[in-house]
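Below is one structure, written out as structure tokens; the observations come after it.
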């Protein structure tokens, strides 16, 4: 009789490549330093700046356009949010990252008021559209507070706005809690009244009061 072949113990194949990758990842996690959040400054600084027309809301620019550096010489402060180059008014700067995030976070619903000069005379129905929300390309806007206001006493803009002969203009006070790109301009364009001049007057409890164009003042950190 022939002898029967002996059974050899079968070992489960191992995936050496996967094991090697796992070991390398573990080693990297152990060697990689833990990124702690930046410590809060010993003293929070809040700067209210009245940004002129044609100035960028940043400190550097590769094409030598006017920036915050031309007006503010305080180190380690950064803009909390932005204001378009062709807009004017209140810009808040701070050295406190948490405060900066609080001001700009959509969840915070920080209210902002804009003084807006539009072409023509919007009807009550059109203003009610803005109050209820309008459909823009990036979705429906939240309800806004919109009121017709008297022409505010402002510094002259350089260059001045381009007004069309025999077409009146209207000043509106628009308060919103969103921060979409060029939102106010798109809102007024949606109802057929393009924005000619836009000045941000208020962010939270801070306002432009007592600050000339191109000037700034330091205040407490109460939003």
- segment 94-122: number of residues that are more than 12 Å from the chain's Cα centre (by Cα) and within 20 Å of residue 53 (Cβ to Cβ): 7
- Task: Quick one: in segment 141-156, of everything that is surrounded by 15 or more Cβ atoms within 10 Å (Cβ to Cβ) and within 18 Å of the chain's Cα centre (by Cα), which residue is farthest from residue 199 (Cα to Cα)?
- Result: 141
- Checking residue 138 against (1) exposed (fewer than 12 other Cβ atoms within 10 Å of the Cβ); (2) touching a strand residue (DSSP E or B) at 6+ places or on another chain (Cβ under 9 Å); (3) in contact (Cβ under 8 Å) with a residue 40 or more places away in the chain, which single condition isn't satisfied? (2)
- Message: Just checking, does segment 66-76 include any residue being buried (at least 17 other Cβ atoms within 10 Å of the Cβ), touching a helix residue (DSSP H, G or I) at 6+ places or on another chain (Cβ under 9 Å) and either within 22 Å of residue 184 (Cα to Cα) or at pLDDT 95 or above (or both)?
- Response: no
- Of the residues in segment 98-116, those that are surrounded by 15 or more Cβ atoms within 10 Å (Cβ to Cβ) and assigned to a helix (DSSP H, G or I) come to 99, 100, 102, 103, 104
- Is it the case that some residue within segment 158-175 is surrounded by 12 or more Cβ atoms within 10 Å (Cβ to Cβ), under 26 Å from residue 57 (Cβ atoms) and in contact with a helix residue (DSSP H, G or I) (Cβ under 9 Å, 6 or more places away or on another chain)? yes
- Can you tell me which residues in segment 157-196 are assigned to a strand (DSSP E or B) and more than 19 Å from the chain's Cα centre (by Cα)? 169, 170, 171, 172, 173, 195, 196
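Regarding segment 32-46, can at least one residue be identified that is at pLDDT 95 or above and either in a loop (DSSP other than H, G, I, E, B) or closer than 23 Å to residue 90 by Cα (or both)?
For segment 32-46, residues at pLDDT 95 or above and either in a loop (DSSP other than H, G, I, E, B) or closer than 23 Å to residue 90 by Cα (or both): present.
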- Query: Scanning for something under 26 Å from residue 94 (Cα atoms), in contact with a strand residue (DSSP E or B) (Cβ under 6 Å, 6 or more places away or on another chain) and surrounded by fewer than 20 Cβ atoms within 10 Å (Cβ to Cβ), does segment 178-200 turn up at least one residue?
  - Reply: no
- Which members of segment 207-222 meet the condition of being modelled with pLDDT under 95, more than 20 Å from the chain's Cα centre (by Cα) and assigned to a loop (DSSP other than H, G, I, E, B)? 220
- Given the conditions (1) in a loop (DSSP other than H, G, I, E, B); (2) in contact (Cβ under 8 Å) with a residue 24 or more places away in the chain, and given that residue 64 satisfies all but one, which numbered condition is not satisfied? (2)
- Item | Test result for residue 121, outside any helix (DSSP H, G or I), in contact (Cβ under 8 Å) with a residue 40 or more places away in the chain and loosely packed, with under 13 Cβ neighbours inside 10 Å | yes
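The values are calculated or read from the model by the stated rules, or taken from the named source; none is laboratory data. Here the structure is a predicted model, which is why all the values come from computation and not from measurement. When we count neighbours, we look across all protein chains shown, and the Cβ atoms used for this are built from the backbone with ideal geometry, even at glycine.
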